[in-house]
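Novice: One structure is given below, represented as structure tokens, and several questions about it will come after.
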Amino acid sequence: MLGAGNILSISALDTLYELFAHNRVVLLKLNPITDPLLPVLETVFARFIDLGLVKIVTGGVDVGSAAVGHPGVTHVHITGSIHSHNAIVFGPGDEGRARKARGERLLDKPITSELGGVSPTVVVPGRWSTRDLKFQAEHLVTQKLHNNGYNCVASQVLVVSSDWAQKDAFLDAVRAAYARVAARAAYYPGSGDRTAAAVRDHAHAEHSAVGDRVLVEVAADQPDIAFDEEYFAPVLVVTTLPGSGQEFLDAAVDFANERLAGTLGANIIIAPRQIRRLGAGYVEALARLRYGTIAVNAWTGVGYLTASATWGAFPGHTLDDAQSGIGVVHNALLLDGTERTVVHGPFRPFPRSVATGQFTIAPKPPWFVTNRTAATTGKALTTFAARPGWGRLPRIFASALRG
């Protein structure tokens, strides 16, 4: 298993899935960024290590290549980019690309993968209040700037209606939230180069001084590298499609399916009134959206956090066209033959949710980058997870409701 370098729980969750779902022993090779976690993970998996079921190693590309090619390794799993996947399967550089074109694989063993992609957020137009615009702008910016954009399902392309009367007001709210969030460390290798490339490739890019962030507007009917390459950096792309209601939603689904690279995760923001109005058409649009996790009024990261849910690309990819990967992980219920996970969240936070007929007591989520008590709430939730008890709940609610 070649571990990821961005979200620290990925390697642990994937190791558990290989152990329990596939009855495999695991050699986990950490990404060099996460090498400091070695003693932590060795403590977490101490019983498995003692039984010879798990071994954790560190090192660079040479160690990873040796592990993949070792005769004792019969299966490979990677969380990373499509470029890393192709280098493993076909070899690196020009020679690897030539082998891929010929269909000549170097890897002689099965490989599963989770590879990210260009994740869309589709905003279905409606009549929103000023507070709705502000909340959903913060929601969108969270989808982009959580972990500074170093997430495989960080929203990269915002799809809005060119005919929406509130389009400009919403984009103004997005820009304001984008600039207001405190700068985050550009710790992931190559982030600055990818951000600079986004500016270079788009003549009218808006380059913020806060956190080296970029916002660009791209025409949906034109080819653009932003639709083909995952930036894995704080770069947000805005594109527009005509129409409203079902017409717009259907066009946005077609655009995401046909124009954007990858099939890992897609987000839809839609008011409850619009869901009721569209009825079966809304459900059919979800069914046509070819992504492994779809989040409605939530972020696909919530699907990742729900370890009982499946996590991975939409099924059907091949080694020659892996897109966002092959296979699933998490899936704690061990369901067979799964296609996708759909998660739903409230369009408005509590108490406005109740006042507008949506029966949820969810406050502003603690993962929002604008949440003021995220650290306190996170610590309280972690304490509760380690030692559940009714007496710990008041502290969680008190912190969460102040967010």
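Novice: Working only within the stretch 322-371, note down all residues that are aromatic (Phe, Trp, Tyr) and within 23 Å of residue 116 (Cβ to Cβ).
Specialist: Scanning the stretch 322-371 gives 367, 368.
Novice: Right, next: Regarding residue 215, is this residue at pLDDT 95 or above and touching a Gly at 6+ places or on another chain (Cβ under 7 Å)?
Specialist: no
Novice: Among the residues of the stretch 247-290, which ones are among the hydroxyl-bearing types (Ser, Thr, Tyr) and touching a Gly at 6+ places or on another chain (Cβ under 9 Å)?
Specialist: Within the stretch 247-290, just 263 meets the criteria.
Novice: If you take the residues of the stretch 282-293 that are surrounded by 15 or more Cβ atoms within 10 Å (Cβ to Cβ) and in contact with a helix residue (DSSP H, G or I) (Cβ under 6 Å, 6 or more places away or on another chain), which of them is farthest from residue 329 (Cα to Cα)?
Specialist: 282
Novice: With respect to the numbered conditions (1) over 25 Å from residue 84 (Cα atoms); (2) surrounded by 15 or more Cβ atoms within 10 Å (Cβ to Cβ); (3) among the charged types (D, E, K, R), which one is the sole condition not fulfilled by residue 221?
Specialist: It fails just one condition, (2).
Novice: Please work out which residue is farthest from residue 321 (Cα to Cα), limiting yourself to the stretch 262-276 and to residues that are surrounded by fewer than 20 Cβ atoms within 10 Å (Cβ to Cβ) and touching a Phe, Trp or Tyr at 6+ places or on another chain (Cβ under 7 Å).
Specialist: 272
Novice: Then there is this: So which pairs qualify, if the first residue must be in the stretch 17-31 and assigned by TED's automatic domain parsing to the domain that holds residue 65 and assigned to a loop (DSSP other than H, G, I, E, B), the second must be of a type in the set (Ser, Thr, Tyr) and surrounded by fewer than 18 Cβ atoms within 10 Å (Cβ to Cβ), the Cβ gap must be under 7 Å, and the two must be at least 6 apart or on different chains?
Specialist: What qualifies is 30/58.
Novice: Can I ask one more? How many of the residues in the stretch 71-113 are in contact (Cβ under 8 Å) with a residue 60 or more places away in the chain, touching a Phe, Trp or Tyr at 6+ places or on another chain (Cβ under 7 Å) and either closer than 19 Å to residue 16 by Cα or part of a helix (DSSP H, G or I) (or both)?
Specialist: The total comes to 1.
Novice: Which of (1) in a loop (DSSP other than H, G, I, E, B); (2) within 29 Å of residue 271 (Cα to Cα) is the odd one out, the single condition residue 325 does not satisfy?
Specialist: For residue 325, the failing item is (2).
Novice: Take residue 136 and decide whether it is under 27 Å from residue 253 (Cα atoms), surrounded by fewer than 24 Cβ atoms within 10 Å (Cβ to Cβ) and touching a residue at least 12 places away in the same chain (Cβ under 8 Å).
Specialist: yes
Novice: So, of the residues in the stretch 209-243 that are free of Cβ contacts under 8 Å to residues at least 60 places away in the same chain, acidic (Asp, Glu) and part of a loop (DSSP other than H, G, I, E, B), which turns out to be farthest from residue 143 (Cα to Cα)?
Specialist: For the stretch 209-243, the residue satisfying everything is 221.
Novice: A further question on this structure: Can you name the residue in the stretch 19-38 that is charged (D, E, K, R) and surrounded by fewer than 18 Cβ atoms within 10 Å (Cβ to Cβ) and, of all such residues, is nearest to residue 68 (Cα to Cα)?
Specialist: 24
Novice: Restricting to the stretch 89-123, give me the number of residues that are crowded, with 18+ Cβ neighbours inside 10 Å and touching a Ser or Thr at 6+ places or on another chain (Cβ under 8 Å).
Specialist: Residues meeting the conditions: 9.
Novice: Taking the stated definitions as given, is residue 116 closer than 30 Å to residue 319 by Cβ, within 17 Å of the chain's Cα centre (by Cα) and at pLDDT below 95?
Specialist: It is true that residue 116 is closer than 30 Å to residue 319 by Cβ, within 17 Å of the chain's Cα centre (by Cα) and at pLDDT below 95.
Novice: A further question on this structure: Could you check how many residues of the stretch 38-55 are closer than 26 Å to residue 153 by Cα and in contact with a helix residue (DSSP H, G or I) (Cβ under 8 Å, 6 or more places away or on another chain)?
Specialist: Summing the residues that are closer than 26 Å to residue 153 by Cα and in contact with a helix residue (DSSP H, G or I) (Cβ under 8 Å, 6 or more places away or on another chain) in the stretch 38-55 gives 1.
This table checks each residue for (1) free of Cβ contacts under 8 Å to residues at least 12 places away in the same chain; (2) within 21 Å of residue 76 (Cα to Cα); (3) not in a helix (DSSP H, G or I).
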position	(1), (2), (3)
262	no, yes, yes
276	yes, no, no
282	no, no, no
294	no, no, yes
314	no, yes, yes
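Novice: Mind checking whether some residue in the stretch 381-397 is at pLDDT below 90, surrounded by 12 or more Cβ atoms within 10 Å (Cβ to Cβ) and among the small types (Gly, Ala, Ser)?
Specialist: Among the residues of the stretch 381-397, not one is at pLDDT below 90, surrounded by 12 or more Cβ atoms within 10 Å (Cβ to Cβ) and among the small types (Gly, Ala, Ser), which makes the answer no.
The values are calculated or read from the model by the stated rules, or taken from the named source; none is laboratory data. Being a predicted model, the structure only gives us computed values, none of them experimental. No Cβ is skipped: glycine too gets one built from the backbone with ideal geometry, and neighbour counts run over all protein chains shown.
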